[in-house]
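What follows is one structure encoded as structure tokens, with my remarks underneath.
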Amino acid sequence: MLAVTHSATLLGDKALPVTVEVNAGEKGDVKYALVGLADAAVKESLDRILSALSNAGFAKPRTHVTISLAPGDLRKEGVAFDLPIALGILAATGQLKSEILQDYLIAGELALSGQTRPVRGALSMTMLAAEKGNKGVILPLESAEEACLVESSKVYAVESLAEAIRFLSGQMELVPLDASRSPYLKKPQGDEAVDFSEVKGQANLRRAVEVAVAGGHNILMMGPPGSGKSMVSKRIPTILPAPSKTEYLEILGVHSAAGRTCSGENRSFCRPFRSPHHTISDVGLLGGGVIPGPGEISLAHNGVLFLDELPEFKRSALEVLRQPLEDGQVTISRSAGKITLPSRFMLVAAMNPCPCGYLGDPSRECRCSTPQIQKYRARVSGPLLDRIDIHVEAPAVRIEELQERALGESSETVRQRVEPCRRIQVERFTDSATTCNAGMSQRHIREHCRIGEDESKLLRKAMEELSLSARAYDRILKVSRTIADLAKSSMIQMPHLLEAIQYRNLDRSLFV
């Protein structure tokens, strides 16, 4: 008897449909054949499935069983096929009605006891089911809590193989999960130990970070050790605006494809903040592997990627950032396939001015030679630096500022200025996929970054004296637009342009 059910496999962060066909009752010895370009994890599933069937109280087939995963030329990987194969075997041996299986997209790993375990990419699979018009999706509970955010599809959670069988045979009723009750929508809990009010001094650095967050601009901070670069960077999540529902689904889609669950990482409704160590490999940063998967730049999609000690990263790892910073996506080609992953993030980088860190510090003497300083700074290439909108110096904090008892502005105060600014930008770009000033196209720059004659003369002079590139010209205009938005100004005025130009000083001084 032939039984057919539907499942899916992941390619990057996208789900592709897979038809699971099970044929039982063929004459011959008891044998199980699994075909369809399956990887080792899928081939090992047969032992788990047979044990789960026995522990759930069902008889194992006593005939030749052939299991096909179609299409046959698409590589299948992972453990998501356990549940659909087990249900297909029961339907093929007459222990379950086969017609109802075709109404659902089914995925889930099985324990030997028959309990279900979460799978990667549940959100993408549910989007696929909605696109294909399936009646619903059957998933393990933890995966279903994530997938139910796709409101165009009904998501049913099952905690065991036996529960899935009772639901499909009509012996029990399951209510589709309510998206509003998903733990993925819980509001982040404020961390009282981390707040911008604790940052002493550094008014210029705080202002630059506020502008960067308000417009989604990339920022590079350069200063001696202990000047507060890392301290400020780690407080950026406290002033980030909450993501929209569409942005959050994109974030969850990438994290789900990487196997990062809500309970496993204690995630909440907020933007990601990724801070990889400088020893990270090119593949770890960009993504890839034998079967291509998301890297740090994709896990930071719609959030922040913080690279501390920027020159300590491998040159090859830094150079792979150039194309994603420009395009907002990364394409990875491997023998197993070609995938395109989203990577629209805000880059926050920090570095010392020299190997010892004390170049320009009035209280400490720099012991680095000129060739050492040049070699150290040359680790950050000009093209990469050109793609960073804001460059700001973080001078050493004076002892008087450290001993000041009065607290600075709190994160809540700064966020109250950032959020209205972001809302202005969302309304401005309703005709496109752009959500913030940093992502403006040439058309948007022409339309929203117009400047007067005096401002044009000033910008022309700055371009000549600082030897700035054409890319830097556009980025100055984008940052000027954000500063104007923070000031609630419809036009870019001279003070806005002057502040944006000063954020490009390192273009000239970094390699001198």
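The values are calculated or read from the model by the stated rules, or taken from the named source; none is laboratory data. Predicted model, so just to flag it, every value in this text is computed and none were measured. Cβ sites come from the backbone with ideal geometry, for glycine too, and all protein chains shown count toward neighbours. Accessible surface is based on the protein model in full, side chains and every heavy atom, while ligands, DNA and RNA are left aside. Shrake-Rupley method; radii C 1.70, N 1.55, O 1.52, S 1.80 Å.
General observations
- For residue 18, distant residues with modelled amide H under 5 Å away: 7, 8, 9
- The relative contact order of the chain, computed from alpha carbon pairs under 8 Å that lie at least 6 residues apart in sequence, is 13 percent.
- Positive-end residue of 127, 98, 140, charge dipole of the range 72-199 with Cβ unit charges: 98
- Mean separation of Cα pairs under 8 Å and 6 or more residues apart, divided by the residue count, gives the range 380-512 a relative contact order of 35 percent.
- Chain lengthening between residue 275 and residue 467 when straightened (0.36 nm per residue, less Cα-Cα): 65.9 nm
- Positive-pole candidate from 496, 216, 466, dipole of the chain, charges at beta carbon: 466
- Taking all Cα pairs closer than 8 Å and separated by 6 or more residues, the relative contact order of the range 95-151 comes to 39 percent.
- Rg/Rh for the chain, where both radii come from Cα atoms and Rh is the Kirkwood radius: 1.07
- Atom-type composition of the exposed protein surface of the range 319-453 places 48 percent of the accessible area on carbon and sulfur (1.4 angstrom probe).
- Between 316, 1, 108, the Cα set farthest toward the positive side of the dipole of the chain (charges on each charged residue's Cβ, about the Cα centre) is that of 316.
- Taken about its Cα centre, the range 195-268 carries a charge dipole of roughly 180 debye when the Cβ of each Lys and Arg holds +1 and the Cβ of each Asp and Glu holds -1.
- Theoretical FRET efficiency, 1/(1+(r/R0)^6), r = Cβ-Cβ of residue 172 and residue 50, R0 25 Å, to 0.05: 0.55
- Charge sum, other residues only, whose C-beta stays under 9 Å from residue 235's C-beta, Lys/Arg counted +1 and Asp/Glu -1: -1
- Packing order of peptides 203-215, 395-407, highest average first: 203-215, 395-407 (average count of other Cβ atoms within 10 Å over each peptide's residues).
- Paramagnetic reach from residue 489 (point 7 Å along Cα→Cβ, amide N under 14 Å) across the range 438-457: 449-456
- Long-range HN-HN contacts of residue 288 with modeled amide H, under 5 Å: 293, 295
- Probe 1.4 Å, protein heavy atoms only - accessible area per residue of the chain in square angstrom: 44 Å²
- Each residue, residue 151 and residue 41, gets one label point 7 Å from its Cα in the Cβ direction; the gap between the two is 3.2 nm.
- Under 5 Å, built H, 5+ apart or other chain: amide partners of residue 304: 273, 274, 346
- Expressed per residue, the C-alpha convex hull volume of the range 334-387 stands at 146 Å³.
- The chain, dipole about Cα centre (Lys/Arg Cβ +1, Asp/Glu Cβ -1), debye to the nearest 20: 620 debye
- Surrounding net charge for residue 319, when Lys and Arg each add one and Asp and Glu each subtract one, Cβ distance under 12 Å: +4
- With every protein chain in place and a 1.4 angstrom probe, the accessible-area ranking of 270, 421, largest first, reads 270, 421.
- MRE, 222 nm, helices only [DSSP H, n ≥ 4, -39500 (n - 2.57), over the chain, to nearest 500]: -10500 deg cm²/dmol
- Cross-link partners of residue 187 among aspartates and glutamates (Cα-Cα below 19 Å; sequence separation of 8 or more within a chain): 142, 145, 146, 178, 195, 247, 250, 265, 412, 419
- Residue-wise HN-Hα couplings along the range 70-83, as the Karplus relation 6.51 cos²θ - 1.76 cosθ + 1.60 with θ = phi - 60° gives them from phi, are 9, x, x, 9, 9, 5, 10, 9, x, 10, 6, 8, 4, 5 Hz; Gly and Pro carry x.
- 0 to 90° range, to nearest 10: angle between helix 470-486 axis and the chain longest Cα axis: 90 degrees
- The distance separating the Cα centre of the range 343-392 from that of the range 151-222 comes to 34 Å.
- Fraction of accessible area attributable to carbon and sulfur, the range 1-124 (%, probe 1.4 Å): 52 percent
- The magnitude of the dipole of the range 118-260, with charges of +1 and -1 set on the Cβ of Lys/Arg and Asp/Glu and taken from the Cα centre, is near 420 debye.
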